[in-house]
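The values are calculated or read from the model by the stated rules, or taken from the named source; none is laboratory data. Everything numeric in this text was worked out from a predicted model, so none of it was measured. Neighbour counts run over all protein chains shown; Cβ positions are idealised from the backbone, glycine included.
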Amino acid sequence: MRNHIFCKGYTWGFFSTPGEMQTPQAEASMRRMAENGLDWICIPVNAWQETFASTTVFSLYGRTQTDADIVRAVEMARALGLKICLKPMVNCLDGAWRGCINFPGETANGYWERWFRSYTDFLLYYARMAEKLGCEMFCTGCEMGGMDRQADFCRAMIAEVRAVYSGIIMHNINHGEELRFSWLDAVDIIGISGYYAVTDAEHRGIDTMRKNWADAVKLLTRCHEKYGRPLMFAEIGVRSERGCTMQPWVGRSSPDAQADEQEQADFYESAMEVTWNLDWFCGYFWWDWKVTLPPESEAHRNLDYTVYGKRAEQILRKWYTEH
């Protein structure tokens with residue numbers, strides 16, 4: 001029997017432009033998403049830094065959601081009966097993935113001190129907002145392995161967030177790093193980006209996915225046992241493109257990409273089959289649902305992670321409404 005929360009969730013609004021969350025189209029998008037049986041929503045806020053080796057994290061006019069956007073998104077979610085996770089996410093203007101943020105060399109500690117001061121100040125702004133708006137969960141980081149290796153800085157950061165925010169603190173590490181960091185007992189829930197490779201060129205289909213998900217669960221179990229914390233998939237998903245379950249983390253189509261809604265749907269089905277009933281598992285924030293939706297008749301043309309109008313949406317709705 002679970003003694004903690006379980007999130008039937010989805011991530012909504014990543015890289016939305018300022019003002020976009022305040023439109024009638026945004027309201028229609030969130031309503032359609034919620035109709036799949038959701039009880040949670042994850043709302044990202046895009047932070048920026050110049051390069052992977054910069055020490056200043058900042059909001060960027062024209063590319064960071066405004067406070068009014070977040071307030072409106074929270075209001076819409078409340079009206080739909082959804083609980084809310086607010087998730088600031090750092091991105092690099094040089095195109096580097098946030099997992100590459102790092103300061104190698106003998107002077108790295110001084111750089112990390114400056115970076116953590118800037119990042120923590122950024123987090124605290126949104127942690128206070130999450131507290132004021134009554135957001136039930138707050139995410140303190142996403143897929144930043146360089147940051148996550150700085151245990152003392154991370155523990156201090158979590159302590160500062162707890163001083164201003166009284167809800168659930170979740171921290172999102174990347175798959176493959178489940179046992180790497182010593183400080184994760186400081187948070188309430190460990191979030192995993194569950195982009196596990198569950199097929200290969202020779203072994204395909206949902207039965208292969210089930211087998212490989214079972215292996216991933218063994219690793220997740222070890223993570224839970226090491227830190228004594230419940231886990232969730234803070235991000236998880238796959239594109240509706242043939243072969244994407246070999247590398248679910250790849251976010252762009254290949255030039256010869258072929259649509260495959262069934263492979264995406266099988267990924268959803270097999271992932272939920274093996275994790276749904278685990279006592280220490282807290283649910284999913286699937287990646288990701290767009291703020292502005294095309295006509296449903298055109299949804300199949302999008303080979304991105306969204307399940308809107310695709311077979312995987314039917315799988316999501318089945319699990320979220322019948323379990």
Within the range 205-216, residues in contact (Cβ under 8 Å) with a residue 12 or more places away in the chain and either buried (at least 17 other Cβ atoms within 10 Å of the Cβ) or under 13 Å from E263 (Cα atoms) (or both) come out as G205, I206, M209, R210, N212, W213, A216
Given (1) farther than 23 Å from G134 by Cα; (2) at pLDDT 95 or above, index of the condition Y61 fails: (2)
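Being touching a strand residue (DSSP E or B) at 6+ places or on another chain (Cβ under 8 Å) and either of a type outside the set (A, V, I, L, M) or surrounded by fewer than 17 Cβ atoms within 10 Å (Cβ to Cβ) (or both) narrows it down to one of E241, E225, E261, E269, so name that one.
On the way: E225 fails: touching a strand residue (DSSP E or B) at 6+ places or on another chain (Cβ under 8 Å); E261 fails: touching a strand residue (DSSP E or B) at 6+ places or on another chain (Cβ under 8 Å); E269 fails: touching a strand residue (DSSP E or B) at 6+ places or on another chain (Cβ under 8 Å).
Result: E241 is the single residue among E241, E225, E261, E269 that is touching a strand residue (DSSP E or B) at 6+ places or on another chain (Cβ under 8 Å) and either of a type outside the set (A, V, I, L, M) or surrounded by fewer than 17 Cβ atoms within 10 Å (Cβ to Cβ) (or both).
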Looking only at the range 176-184, decide whether some residue is touching a Leu at 6+ places or on another chain (Cβ under 9 Å), assigned to a helix (DSSP H, G or I) and over 30 Å from R128 (Cα atoms). no
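What number of residues within the range 282-306 are among the hydroxyl-bearing types (S, T, Y), outside any loop (DSSP other than H, G, I, E, B) and in contact with a Phe, Trp or Tyr (Cβ under 8 Å, 6 or more places away or on another chain)? Full working, then the answer.
Residues of the range 282-306 among the hydroxyl-bearing types (S, T, Y): 284, 292, 297, 305-306.
Next, only the ones that are outside any loop (DSSP other than H, G, I, E, B) stay: 284, 297.
With the extra rule that they be in contact with a Phe, Trp or Tyr (Cβ under 8 Å, 6 or more places away or on another chain), the set shrinks to 284.
Counting residues in the range 282-306 that are among the hydroxyl-bearing types (S, T, Y), outside any loop (DSSP other than H, G, I, E, B) and in contact with a Phe, Trp or Tyr (Cβ under 8 Å, 6 or more places away or on another chain) gives 1.
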Every residue from the range 272-323 that is within 17 Å of G9 (Cβ to Cβ), charged (D, E, K, R) and buried (at least 16 other Cβ atoms within 10 Å of the Cβ): D288, K290, E313
Could you count how many residues in the range 238-275 are assigned to a strand (DSSP E or B) and over 21 Å from the mean Cα position of the chain (by Cα)? 1
Give just the number: which of (1) assigned to a helix (DSSP H, G or I); (2) more than 20 Å from C42 (Cβ to Cβ) does E202 not satisfy? (1)
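I'd like the full set of residues that are in a loop (DSSP other than H, G, I, E, B) and out of contact with any strand residue (DSSP E or B) (no Cβ under 8 Å at 6 or more places or on another chain), limited to the range 307-321. Show your work before the answer.
As a first pass, look at the range 307-321 and keep what is in a loop (DSSP other than H, G, I, E, B): 307-310.
Scanning the range 307-321 gives G309, K310.
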Can we say E235 is part of a strand (DSSP E or B) and either charged (D, E, K, R) or in contact with a helix residue (DSSP H, G or I) (Cβ under 9 Å, 6 or more places away or on another chain) (or both)? yes
Those residues of the range 35-53 which are over 17 Å from the mean Cα position of the chain (by Cα) and surrounded by 20 or more Cβ atoms within 10 Å (Cβ to Cβ), in sequence order: N36, Q49
